[in-house]
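Read the figures in this text as sums done on the coordinates, not as results from a lab. None of the values given here were measured: they were computed from a predicted structure. Heads up, the Cβs are rebuilt from the backbone with ideal geometry, glycines too, and the neighbour counts pull from every protein chain shown.
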Amino acid sequence: MEDNPYVKMAEGVKGGKAKQMLRIGTVTSAAPLVIQAGGIPLSGSDLYVNRALLGHEEKVSLLDVTGTLDATCDCQQGSMKKLEATGGMLSTGISHPVSLAPGDTVALLSEDDQTFIVLCKVVKMG
């Protein structure tokens, strides 16, 4: 468990000088993003959001490509737009959709209960 970044974060929350608070919130709107936490709606400048939770484009390149290429793209968290081969370089763009939807539960971190970092989506076990 030493390699688990969430364990390290929790240890920092417990032992740090700043009073960091871990909160649970519920997404009430994805666009614009609004998260309900402790009865308060959070949006806009209240939030810093993990990029992986937001829709974004990613450019991917393979260099020094030679020989025959057989490819299948099964992008579970995105879609490939166009595959280009030029001078031994293979490149494409991957479009990652927004992964937050109304009803999703998220982990939030704050030092002041004013600004929150949206860390990740979480699920309740059991």
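Once both labels are positioned 7 Å from their Cα atoms along Cα-to-Cβ, the gap between Thr26 and Val49 label points is 1.9 nm. Taken one residue at a time, the phi angles of segment 84-92 give Karplus couplings (6.51, -1.76, 1.60, θ = phi - 60°) of 10, 10, 9, x, x, 10, 10, 9, 7 Hz. Gly and Pro are set to x.
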